[in-house]
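The numbers here are math on the coordinates, done by the rules we state, and not lab data. Bear in mind that the values here come from a model prediction, so they are computed numbers and not experimental data.
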Amino acid sequence: MSRIAYVAGHYLPHAQAAVHIEDRGFQFADGVYEVIAVVGGRLVDEERHMVRLHRSLSELRMAPPMGDTALRVVLREVIRRNGVVNGIVYLQVTRGAAPRDHAFPKSARPTLVVTSRGSKPPNQRLVREGCSVITIPEIRWARCDIKSVALLGNVLGKQLAREAGAYEAWFVDHDGNVTEGTSTNAWIVTADGEVVTRKTDNAILSGVTRLAVLDLIHREGYRLSERPFSVDEAKRAREAFLTSTTAAVMPVVRIDDAAVANGNPGSLTEKLRVAYLGHAAATA
Ligand code: PMP
């Protein structure tokens, strides 16, 4: 079955789906996106993704491409046309096509692209045994809270992780604190059992998975502190993990050359992972 994309008003096979060469997404990375998990043919945490999409759009003073009801219909139609039951749906909105000029065009219409593909759950060996992360200097811009398609820092970081044989790279700011991963949020559990993740500010993306896990932590009554943590503190932690739409809750067992605790996934991480998968299946 050929994959079908929605591009600016049309459902087309990928080979024919294209945007204009002067689309501002292509020339300036002037656009935003969302990746939403599909479980059992339904969207996980759709509401929160829509809220974040609108926030990203409004921070960039970009018009929504269509009303929310229509957008939700398009998302479902792309999922349906691709026969996706478990996987992701990707949506991208740019400021549209216009003669190249940095300032906003007066009359461009936003470009909406939606694709969807099936995917297997995250690598089960990594889930069972935990993954490794490397730490790298934070080189991204000061508005990482906006889910923009300008992802060069993230791309370079993920490539360094691949080359080091690691699953993810954690960015480290000028104070020595971890901001987030290249496509995931970062967490630790301290020796005395407190779950720690950086509070949302301009330095990180407010992950939808992060919010869902925070809900679960509150529900289960675990101790939580939303504050920065350093690489040193992470290396001394009892547990570490990362969260994202595609990785769900993934244990981290190695940070650079240091094993986290005894090098095995932590028990609280495992509880949160199972609880999160339950949440994803239930809310979808
Ligand atoms: N941080 C960054 C930089 C990301 O790209 C992502 C994935 N979109 C996340 C965190 C996790 O966000 P979510 O849980 O919404 O997938």
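One way to sum up the overall shape of segment 106-180 is the equivalent ellipsoid from its Cα gyration tensor, whose semi-axes run 27, 22, 10 Å, largest first.
Determine Rg/Rh for segment 9-48; Rg is computed over alpha-carbon atoms and Rh is the Kirkwood hydrodynamic estimate from the same atoms. It would help to have the intermediate numbers written out before the result.
Working: Rg = 14.2 Å, Rh = 13.0 Å.
My calculation puts Rg/Rh at 1.09.
Where the alpha-carbon atoms of the chain are placed on the principal axes, they occupy 56, 40, 34 Å, in descending order.
In straight-distance terms, cross-link reach from K199 covers every one of the lysines whose alpha-carbon lies under 26 Å from its own, apart from those fewer than eight places away in the same chain; here that gives K147, K158, K235, K271.
One compactness figure for segment 176-238 is 1.06, namely its Cα radius of gyration divided by 2.2 N^0.38 Å. Summary value for the chain: 18 percent relative contact order, contacts being C-alpha pairs under 8 angstrom separated by 6+ residues.
Over segment 4-118, the reciprocal of the mean inverse Cα-Cα separation, the Kirkwood hydrodynamic radius, stands at 14.4 Å.
Cα centroid separation, segment 179-231 to segment 77-138: 23 Å.
On a 0 to 90 degree scale, rounded to 10, what angle separates helix 46-59 from the longest Cα axis of the chain? Compared with the principal axis, the helix lies near 70 degrees.
Explain nothing, just the number: relative contact order of segment 1-149, from Cα pairs under 8 Å at least 6 residues apart, as a whole percent. Write down the numbers at each step before the final one.
Values: 233 pairs, mean separation 49.2, N = 149.
Normalised by residue count, the contact order of segment 1-149 is 33 percent.
Divided by 2.2 N^0.38 Å, where N counts the residues, the Cα radius of gyration of segment 124-283 comes to 0.95.
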